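Each reported figure results from applying straightforward, stated rules to the coordinates on display, with no laboratory input. The shown structure was predicted, so the numbers you read here are calculated from the model rather than taken from an experiment. Virtual Cβ from ideal backbone geometry, glycine too; neighbours counted across all protein chains shown.
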Amino acid sequence: FYSVATTVHRNPLFSSISPDDISYFKTILGERGVVQDALALDAANTDWMGKYRGSSKLLLQPKNTEEVSQILKYCNSRCLAVVPQGGNTGLVGGSVPVFDEVIINVGLMRNILSFDKVSGVLVCEAGCILENLISFLDDEGFIMPLDLGAKGSCQIGGNVSTNAGGLRLLRYGSLHGSVLGLEAVLANGTVLDMLGTLRKDNTGYDLKHLFIGSEGSLGIVTKVSILTPPKLSSVNIAFLACEDYTSCQKLLLEAKKKLGGILSAFEFLDSDAMSLVLKHLDGVRNPLPPSIHNFYILIETTGSNETFDKENLEAFLLHSVESGLVANGVLAQDINQASSFWHIREGLPEALMKAGAVYKYDLSLPLEKMYDLVEEMRVQIGPAAKVVAYGHLGDGNLHLNISAPAYDDNILAKIEPFVYEWTSKNRGSISAEHGLGLMKAAKIHYSKSPETVRLMIDFDYCVFELLPDTSCLDDNHSIICLCLS
Ligand code: FAD
Ligand code: 2HG
Ligand code: ZN
């Protein structure tokens, strides 16, 4: 495992689990909700990448909000540190304990509470798996406004807590727009009912927004109300190749102009990303053989006029080839081909895992500068590791991945702080969509001013008034624990 940052120390004010604590939790949750089994704990202590690992001895699985409240109230009174966990697909070391925190997973809270077919508002418990919500809505003729490669495991509560972006943010916007309400439980057990279903509500501060993307640092999200768009009948996907990054940018602009309202995704990967997928994912073929191109773009349109939408994308493709922006391209002829195109893009995190150790950077950058960083990083690292780039080009979000045979401090020293300084200098964000977690909590100043960080810390103090002071701060006054610990 990758070594935990040496600057993070277990807060001595926190207690350790005692047999009395276990008995208490069993009285609230029953035997089933109190997990001490070694195998289950091993999985819950280890993150998706196998990179971060805690040593918790206890996983709690509440079945309703009242149980979450009782757990948190008790943990707070006993000074027991906790970490909320959803599907454990987070990529920044935020979903697993750092030390021996109690893991609280709301995965048993997976009921759909209501769905309004006129407004499209879905209200559900936070433990619902994203893919289950997608299929529920599909039957109702609606879609989730967010989709991502981890949909089979991630929970909507986890999505909200990370403010997950995903593959269609370009079209449907961020969760700050589509989440209409939340229920959350604070560290002292207080239940905050902010579970509105209204589009418009200007009564005071809209506090739910603080929970969206707060990575469990303010409380546990227990219910979510979300606006879902109707499912449209015509979806078309093209897989294109460009020979240079300037053409990719121009293509994005053209796509926005010519495909306008029907554009629903604009994703990119570079040649190293494509080679990696071809090497490590079974059954994947390059849709544009024989050679590897420098860049690939996946464009999706979603609309309601089948003939017009398809002709529109075909004309766009033809024009892009004729004007020299696109070197080659293919339009998916059926649903299987469409999903094979998506599999290339969505399979990248898995392909990287299979390739060995990986250093992940999830950056927002000005579009015109984005690929300069990738090229500079290649020079910086040399042959010691492979620099692989892909991401949500339509959102200005680069996933810069450095793939190496094993975690190696010499490689890390070539990446950091270079990557953060470069991003900061260009007024980018060091976390576009994955959050800070353990990986980047202490790096927040690269993207946020000291005054802003100070206000976040003061806000934390305010929310944590019943916890021992300094419980969520380290010596440098950076927010170290984006969990309740
Ligand atoms: P976890 O990983 O369990 O937790 C994530 C964070 O949220 C932790 O800090 C945790 O403490 C907190 N948390 C979880 N549940 C709650 C809750 N109920 N209340 C309060 N805090 C909570 N992310 C994107 O943004 N876009 C992508 O396209 C994308 N694609 C991915 C593809 C793959 C293959 C993988 C493995 C990950 C991907 N991710 C992506 C990252 C990850 O899936 C998202 O961050 C996801 O939203 C995390 O949800 P989760 O339920 O797994 O949460
Ligand atoms: C994606 O867009 C995810 O596929 C994961 O956000 C990004 O693997 C990554 O770096
Ligand atoms: Zn992403």
Go through 283-292, 306-315 and give me the packing order, highest mean Cβ count within 10 Å leading. 306-315, 283-292
With a sphere of radius 9 Å drawn around the Cβ of GLU300, what net charge do the other residues whose Cβ falls strictly inside it have (Lys, Arg +1; Asp, Glu -1)? +1
Normalising by the residue count of the chain, find the relative contact order in percent from Cα pairs under 8 Å and 6+ residues apart. 15 percent
Pairing the Cα long axis of helix 450-463 with the longest principal axis of the chain, what angle in degrees results, from 0 to 90 and rounded to the nearest 10? 40 degrees
Percent RCO, i.e. relative contact order, over the stretch 356-445, from Cα pairs under 8 Å lying at least 6 residues apart: 39 percent
Exposure proxy check on THR203, THR222: fewest-to-most Cβ neighbours within 10 Å is THR203, THR222
Within-11-Å neighbourhood charge of ASN45 [Cβ basis; K, R +1; D, E -1]: -2
The simple spin-label model distance between TYR74 and VAL118, using points 7 Å out along Cα→Cβ, in nm, is 4.4 nm
Going fewest to most other Cβ atoms within 10 Å around each Cβ, PHE266, PHE418, PHE295 line up as PHE418, PHE266, PHE295
Pairwise label distance in nanometres, LEU253 with THR203, each label 7 Å out on the Cα-Cβ vector: 4.7 nm
Simple Cβ-charge dipole of the stretch 72-192, Lys/Arg +1 and Asp/Glu -1, about Cα centre, in debye nearest 20: 220 debye
Distance between the stretch 141-212 and the stretch 395-439 - C-alpha centres, whole angstrom: 26 Å
Net charge around THR65, counting only other residues with Cβ within less than 9 Å of its Cβ (Lys, Arg = +1; Asp, Glu = -1)? -3
How big is the Cα convex hull of the chain in projection, averaged over all directions, in nm²? 22.7 nm²
Give me the count of lysine pairs in the stretch 234-348 whose alpha carbons sit under 25 angstrom apart, restricted to pairs 8 or more positions apart or on different chains. 5
Longer than 20 Å from Cα to Cα, which of LYS208/LYS443; LYS63/LYS117; LYS51/LYS360; LYS360/LYS386 are they? Say none if no pair is. LYS208/LYS443; LYS63/LYS117
If one computes the Cα centroid of the stretch 7-49 and of the stretch 293-321, what distance in Å separates the two points? 51 Å
Simple spin-label model, 7 Å along Cα-to-Cβ: LEU108 to ARG378 in nm? 5.2 nm
Could you work out how far helix 271-280 tilts from the main Cα principal axis of the chain, as a 0 to 90 degree angle to the nearest 10? 70 degrees
Packing-based ranking, highest mean first, of 385-393, 133-141, 363-371, 36-44 given that Cβ atoms within 10 Å are counted: 385-393, 363-371, 133-141, 36-44
